[in-house]
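Here the structure is laid out as structure tokens; the discussion comes afterwards.
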Amino acid sequence: MNKLLLFGSSVALLHPLALAQNPEETGNRNTDIYKSVVRIESATQVADYRTPWNSGRFGGGTGSGFMIGPNQFLTNAHVVSNANRVLITRRGSAKKHAARVVHIAHDCDLALLEVEDDAPFEGLHYLNFGEVPALESQVRVIGYPVGGDRISVTRGVVSRIDFRPYSHSRVDSHLVVQIDAAINPGNSGGPVLQDGKVVGVAFQGLRQADNTGYMIPTPVIQRFLRDIGDGRYDKYVDLGITEFALFNPAMRKALQVPENGLGVMVASVLPTGPCDGVMEPGDVLLSIDNNPVDNAGNIEVEGEKVVLHEVVERKFAGDNVKLEFLRRGEKKDVTVTLKAFPHSRIYAVRYGDRPRFVFFAGLVFQPLDFNLYSAYGFDSPRVRKIFQNYVRDAIFKEREDVVVLTRVESDRLTSFITGFNGTVVDEINGTRVKDLRHAHELLYAADQPEFITIKCNGVARPIVIPSTEVESANKRIMQQNGIFRSHYLGDSQPKS
Amino acid sequence: MFPPRPLFCCLSLLLVVGGLPAPAHAAVKAKGLLRINTTTQTYNVAQPWELNQPQRRRGLGAILEDGNILTTGEMAANSTYIEFESADGAHTVPAEVIAIDYEANLALLAPEKGANREWIDKLGTLGINGPAKIDDKVNIWQLEDNGDAIRTEGTVRSVDLLSTFASGHYFLCYEVKASMQSASSSYTLPVTRDGKLLGILASYNSKDQISDVVAPDILKRFLEDIRDGRHEGFPSLGIATVLTEDPQFRKWLGLGDEQGGLYVSRVLPGSGADESGLKKGDVLLTVNGHSIDRRGYYEDPTYGRLVWSHLVRGSGQVGDKLALLIMRDGKEQQLEAVLQRPPDHLIPSHMYDKAPPYLIKGGLVFQELNRPYLEAFGKEWRSRAPLDLLDALNNPEDYEEGRKRLVFLSRVIRTPATIGYDQVNNLIVTEANGQKVTDMKSLAAALTNPKNGLHSIRIDDIPYVIYLDPEASDLVDKALLKRGLPALQRLP
């Protein structure tokens with residue numbers, strides 16, 4: 001199993017979709033490949049977190065994709081994120097075929113599409129997957145980048161294989177292959193081929209360098225395809241620990257690590273994560289799934305040093321991981337079951353979500369997440385600190401949402417409510433706020449006291465709103481400001 | 001103590017060396033005026049065992065009737081050498097500081113004992129003038145390179161409480177409109193009216209041509225305070241307040257439309273307010289019989305509308321009693337506070353003339369947090385300084401428990417003892433060798449006592465505990481001393 005972790009050697013076996021029968025290869029093989037690379041057009045609607053009641057910004061863009069099975073088109077998540085309408089065009093055809101997103105994985109920037117009517121795509125070649133290409137080997141990037149309407153092919157050489165951040169979500173890092181062919185807007189989602197097989201999906205470039213492109217290699221693609229095998233994308237899982245390199249002799253002595261002993265220190269354990277209650281700070285992680293962990297937290301896979309979390313990269317929610325660690329000189333063996341950790345998505349860019357908010361007497365409340373943070377650029381150190389420590393300090397246990405007072409609309413009721421923008425709401429009428437839904441309940445409760453008080457973190461005085469004024473103020477201010485709904489609390493399901 | 005107000009704060013006067021050629025005019029006769037040359041040195045924030053490069057500045061002082069010389073606190077702060085110089089540069093004499101007040105921005109200097117001050121005594125003296133009114137004409141004095149005096153006439157435009165030096169301390173100032181030129185010795189300038197000293201100019205904004213002049217009321221308080229040979233400093237009540245303009249907030253507090261009042265949002269523990277029984281949530285209605293309006297102003301008999309804190313900081317001395325009328329739970333109540341110096345802050349707002357405490361162990365550098373440390377992160381320090389330390393500055397009450405000062409691991413010098421800790425910096429220290437760290441002294445004491453053959457230092461972020469080998473770190477310490485570190489610690 002371990003051998004498959006990184007440079008998967010028999011990836012096709014893992015992949016039910018890739019086994020689908022290919023039409024016979026006839027005629028020019030390249031032409032067949034070109035035919036299977038499609039142009040994807042999406043019409044997007046991007047929410048505006050500063051005016052969460054508004055529709056947001058309408059726009060669109062194009063990308064590439066390719067057929068990997070019957071009515072299965074693979075592309076990047078960012079090509080079809082926030083899309084209201086997706087159209088697929090075949091090479092050499094003017095017809096735009098309506099398509100829909102079947103699965104979208106923002107944490108690895110991949111998506112699977114299907115067209116409403118797949119008849120026009122019948123008989124096309126389904127592209128097969130290859131392995132991770134070797135350094136210095138040549139690859140071809142095929143797609144529909146800017147600069148023309150027809151298909152484009154560029155060649156490049158594999159120049160680096162590394163773990164790098166995926167810019168789409170901002171917080172996820174996976175294996176990335178760097179090539180010296182430029183990847184331009186429109187290339188995204190297109191296949192990168194070697195010997196007629198797909199070895200990656202072109203997905204991002206480097207702003208400050210020309211002729212540097214990045215592709216998502218097959219291990220990441222295969223994981224995505226396997227994950228959706230059950231009809232649902234379950235996302236990546238996390239071990240939920242932070243390590244600190246064990247280089248210091250005194251630290252090694254304190255943790256009773258023998259001289260030249262392996263292992264990395266566990267510096268923190270994510271509350272409610274898979275290792276919560278199993279490992280504790282100061283434990284020394286010795287091995288993961290029988291891979292010895294070195295002092296910097298790396299393991300060796302097929303001669304390559306990779307971070308220990310790579311073991312978890314290939315796994316799924318519900319899978320087990322064997323951990324061996326040292327606690328106060330005593331060796332321990334445990335098996336933990338991996339699970340998704342939704343709270344850490346507070347730091348990821350969110351797509352396709354309608355922003356949640358509550359409007360109340362000229363005040364706008366919104367839950368803190370990365371989108372909100374970047375929309376407002378909060379500068380209060382208190383908000384920054386709560387955001388930064390939301391996961392580390394398990395703030396989510398007490399407050400699922402960090403509710404922020406983001407706006408105070410102008411009105412005679414709010415003229416003197418200054419200095420509250422961009423602060424975290426702690427209490428409403430003396431009750432600690434757990435999430436946005438709770439805030440809404442507290443603000444719009446049937447039997448209100450004479451004065452509704454709102455206490456914000458780090459602000460010297462409470463906000464006071466006489467309850468008799470709320471209804472008229474809501475009506476007046478919403479009309480003045482074109483706010484046509486008082487709240488959106490999300491779908492009835494808890495956020496994922 | 002009150003919300004910061006927009007200051008025309010070009011921090012200090014243009015420091016122009018060399019001055020402009022003097023226009024052809026008959027020299028103006030100046031009285032009681034001399035040059036002050038100072039050399040100042042501050043401590044290096046990153047390496048607190050070192051001083052930064054010395055800076056020189058030139059300013060003017062006013063010779064008072066008792067022969068001492070008055071100037072701004074800014075002129076004398078952090079000075080390593082001060083001298084007086086005659087206008088023509090013919091005489092100099094080393095000077096010493098009698099008293100300095102960083103908050104009010106005033107300093108009283110005198111020639112060194114036993115030094116020849118005859119030439120000073122021939123320059124005449126300046127008595128201090130009474131209060132000025134809006135539209136009064138005043139004179140601002142400068143000295144040219146050639147020794148001539150320049151007199152610029154200005155007009156008092158407004159009277160307000162301003163913070164001219166140590167941040168967050170507001171004192172009575174006149175804002176004087178005058179168009180001044182650059183001249184040598186322009187750092188600090190005496191302002192006169194009718195041949196008497198009215199104030200000391202602390203800053204000049206050349207764009208608006210407005211200068212901030214520390215008012216004679218404050219000059220007199222300062223001189224009164226030090227008359228007994230002891231400088232106590234200006235008193236403080238020790239509260240933070242919020243305006244009560246918001247009608248909804250007023251209703252909730254039970255304030256009537258005719259009433260003013262300030263909402264007390266924080267009472268510093270151990271302050272005069274604390275001891276008087278004042279509590280957070282009270283509304284301050286009157287101070288010594290003066291009604292405070294909803295924006296915090298009262299009617300001053302001399303100056304008209306002034307911020308209430310002048311009644312504390314600018315009108316009283318330490319030990320004076322202050323009558324407070326407050327509203328608590330909808331009822332009025334009378335309290336009496338004794339004015340005191342403000343209690344010691346967890347995070348000092350300035351470090352003038354103070355050597356910052358530090359401690360080095362094996363290459364770990366510990367400091368006590370102060371505001372200048374954070375300000376050293378540059379103009380954008382409020383967003384660029386380390387988040388945890390900024391939070392402590394903004395919310396000291398969350399960190400005060402069990403602490404006198406906030407000790408933090410400021411950086412790690414790369415030594416054999418600190419392998420693996422290179423990237424650790426700016427983390428708050430909570431414990432050392434099992435002992436709670438309440439200030440630098442307690443850290444020093446704890447580090448004399450390693451447990452189980454190791455030092456352990458607990459910090460508030462990854463890796464949470466740092467271990468040091470006592471022998472290895474002692475060796476490193478010795479080596480550091482050999483290689484130019486003056487001392488391993490400076491305790492307060």
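Summary table below
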| item | result |
| --- | --- |
| Residue pairs, from the table B:LYS321/B:LYS404; A:LYS305/A:LYS331; B:LYS31/B:LYS137, whose Cα atoms sit over 22 Å apart | B:LYS321/B:LYS404; A:LYS305/A:LYS331 |
| Spacing of the two label points (7 Å from each Cα toward its C-beta) at B:GLU96 and A:ASP230, in nm | 8.4 nm |
| Given charges at beta-carbon only (K, R positive; D, E negative), |dipole| of the range A:174-235 in Debye | 160 debye |
| Phi to ³J(HN,Hα) by Karplus 6.51 cos²θ - 1.76 cosθ + 1.60 over the range A:83-95, Hz, x for Gly, Pro | 8, 8, 8, 10, 10, 10, 10, 7, 4, x, 10, 9, 7 |
| Over 28 Å (Cα to Cα) - which of B:LYS279/B:LYS379; B:LYS354/B:LYS436; B:LYS122/B:LYS220; B:LYS251/B:LYS280 fall in this group | B:LYS279/B:LYS379 |
| Loop trypsin sites (Lys or Arg not before Pro), the range A:80-136 (other Cβ atoms within 10 Å of the site Cβ: 14 or fewer; DSSP) | A:LYS95 |
| Longest segment of chain A lacking GluC sites (Glu not before Pro) that sit in a DSSP loop with at most 12 other Cβ atoms within 10 Å | A:303-449 |
| Footprinting exposure proxy for B:MET440, A:MET265, B:MET327 (fewest neighbouring C-beta atoms within 10 Å first) | B:MET327, B:MET440, A:MET265 |
| Estimated FRET transfer efficiency (B:GLU224, B:SER182; beta-carbon r; R0 41 Å; 0.05) | 0.70 |
| Loop-resident sites, the range A:143-208, for trypsin sites (Lys or Arg not before Pro), counting at most 15 other Cβ within 10 Å (DSSP) | A:ARG150, A:ARG170, A:ARG207 |
| Rounded FRET efficiency, nearest 0.05, which uses the C-beta distance separating A:ASP117 from A:ASP149 and R0 of 25 Å | 0.60 |
| Charge dipole magnitude, Cβ of K and R +1, D and E -1 - the range A:1-235, Cα centre, debye nearest 20 | 440 debye |
| J(HN,Hα) series, the range A:282-288, from Karplus relation 6.51 cos²θ - 1.76 cosθ + 1.60, nearest Hz, glycine and proline x | x, 5, 10, 7, 9, 8, 10 |
| Backbone N within the range A:157-194 under 11 Å of label point (7 Å from A:LYS305 Cα along the Cβ vector) | none |
| Charge dipole (chain A, unit charges on Cβ, about Cα centre) - positive-most of A:ASN320, A:GLY130, A:GLY63 | A:GLY63 |
| Relative intensity, log₁₀ I(q)/I(0), of chain B from a Debye sum that treats every alpha carbon as a point, q = 0.08, 0.11, 0.12 Å⁻¹ | -0.59, -1.02, -1.13 |
| Extreme residue, positive dipole direction of the protein assembly as shown, given options B:ALA472, A:PRO165, B:ASN146 (C-beta unit charges) | A:PRO165 |
| Principal-axis tilt of helix A:218-227 within chain A, Cα atoms, nearest 10 degrees | 60 degrees |
| Angle in degrees between helix A:470-481 and the longest Cα principal axis of chain A, rounded to the nearest 10 | 50 degrees |
| Rounded to whole Hz, the Karplus (6.51, -1.76, 1.60) HN-Hα couplings of the range B:443-449, x for glycine and proline | 5, 4, 5, 5, 7, 7, 10 |
| Helix-only CD estimate at 222 nm, as mean residue ellipticity for chain A, using -39500 (n - 2.57) per DSSP H run (n ≥ 4) | -4000 deg cm²/dmol |
| Inter-probe distance in nm under a simple model that places probes 7 Å from Cα toward Cβ, at A:ASP294 and A:ARG354 | 5.2 nm |
| Spin-label model distance (nm) - A:ASP447 vs A:ARG392, 7 Å beyond Cα toward Cβ | 4.4 nm |
| For chain B, calculated [θ]222 nm from helices alone, where every DSSP H run of n ≥ 4 adds -39500 (n - 2.57) | -3500 deg cm²/dmol |
| Cβ-Cβ FRET estimate between A:ASP491 and A:GLU471, R0 fixed at 30 Å, reported to 0.05 | 0.65 |
| Signed unit charges on C-beta, dipole axis of the range B:239-338, positive-most listed residue B:GLY289, B:LEU243, B:LEU306 | B:LEU243 |
| Sites matching GluC sites (Glu not before Pro) across the range B:298-369 that sit in DSSP coil, with at most 15 neighbouring C-beta atoms within 10 Å | none |
| Distant-in-sequence amide H partners of A:ASN82 (H built 1.01 Å from N, under 5 Å) | A:GLY352 |
| Amide proton proximity set for B:GLU96, modelled H, under 5 Å, gap of 5+ | B:ALA110, B:GLU112 |
| Simple Cβ-charge dipole of chain B, Lys/Arg +1 and Asp/Glu -1, about Cα centre, in debye nearest 20 | 580 debye |
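Just so you know, all these numbers are worked out from the coordinates, no wet-lab data involved. All of these numbers come straight from a predicted model, not from anything done at the bench. Backbone-built Cβ (ideal geometry, glycine too); neighbour counts: all protein chains shown.
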